[in-house]
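Some notes on the structure that comes next.
The values are calculated or read from the model by the stated rules, or taken from the named source; none is laboratory data. Just so it is clear, the model here is predicted, and its values are computed rather than measured. We work out accessible area using only protein heavy atoms, side chains counted, and drop any ligands, DNA or RNA first. Shrake-Rupley method; radii C 1.70, N 1.55, O 1.52, S 1.80 Å.
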Amino acid sequence: MEETLRIFKEFHAMPPNEKVREFIEYWPEKPERYREIVGKYTQEPRALGLRILDLISEGLGLGPNYFSGELSENPVVISHHYPPCPEPSLTLGASKHKDPNILTILFQERNITALHVLKDGAWIPVEPIPNAFVVNMGRGLCFRLIGAEHRTHENIKFITTSSDQNL
């Protein structure tokens, strides 16, 4: 057990770019160029997330780079796919929640309104904006801000694919 914990700590102490290179070999080889395209994609939302966190920390008076280092060095990339549901009344979607991380950068597919946020007791759909990201503030920022609870709602007209970058 001690050796396992030691190796976990050693892995997590590695620079983030080195960790990505380690994991790429486990990513799917198909479709063709998946590793190359997804590998490049993961770097861009990470840079965007770090910039957003710097601006938030500056706005809150926390000083530059407050969220850098251990708080944001190990981003997680999650890709969700929501196929159309023939009987949406029989599904639950994702229940309401607050993201457990610092922030989530979400790319929504055009014409798919699966994301909803809770405001003043009502669920409001988040309409996709072409070539834009939705930024959800997670529990990691709730010490100073309140993250909006949100859910996904089954979409009966379209197939839904989203990609999250969690910092």
Subset of segment 88-106, residues in a loop (DSSP other than H, G, I, E, B) and of a type in the set (Val, Ile, Thr), comes to THR91, ILE102
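May I ask you to list the residues in segment 22-57 that are basic (Lys, Arg) and open to solvent by less than 70 Å² (accessible area, probe 1.4 Å)?
Within segment 22-57, ARG35, ARG46 meet the criteria.
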Quiz item: Is it true that VAL134 is assigned to a strand (DSSP E or B) and modelled with pLDDT of 85 or more?
Solution: yes
